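Enquirer: One structure coming up, written as structure tokens, with questions to follow.
Every read-out reported here was derived from the displayed coordinates using simple, explicitly stated rules and does not represent laboratory data. Given the structure is predicted, the values throughout are model-derived calculations rather than measurements.
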């Protein structure tokens with residue numbers, strides 16, 4: 001087991017699950033509450049939601065990596081590959097949503 005990756009995975013899971021609450025706790029507003037234009041508000045809300053899922057999926061990947069030898073090799077390999085692929089797709093989706101909204105005037 002690798003304690004650093006376990007710790008990082010737990011931190012990312014907590015950040016993904018309690019993102020808005022943590023932002024309010026440190027005195028910041030989520031971007032969907034800052035924008036006043038409906039188009040930008042909807043776009044930022046979608047990007048925030050996708051970003052939360054991205055952080056959660058990365059946290060799961062780091063947890064699996066941190067557990068290392070505690071999981072069977074094939075299971076850890078499949079979960080790691082899936083989390084990497086889903087993370088890449090979520091990142092691309094964030095860019096697509098932002099660019100689609102930027103282009104739509």
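Enquirer: Hey, what angle do you get for helix 38-67 against the long axis of the chain, alpha-carbon based, 0 to 90 degrees rounded to 10?
Expert: Tilt of helix 38-67: around 10 degrees.
Enquirer: Tell me the angle of helix 73-103 to the major Cα principal axis of the chain, expressed in degrees between 0 and 90 and rounded to the nearest ten.
Expert: The answer is roughly 10 degrees.
Enquirer: Among 26, 56, 79, which one moves the most in a GNM of the chain with springs linking Cα atoms closer than 10 Å?
Expert: 26
Enquirer: Taking only DSSP H segments of four or more residues, each worth -39500 (n - 2.57), what value at 222 nm results for the chain once the sum is divided by all its residues, to the nearest 500 deg cm²/dmol?
Expert: -28000 deg cm²/dmol
Enquirer: By the gyration tensor of its Cα atoms, with a ≥ b ≥ c the square roots of the eigenvalues, what is the shape of the chain: rounded for a/c under 1.5, prolate for a/b over b/c, or oblate?
Expert: oblate
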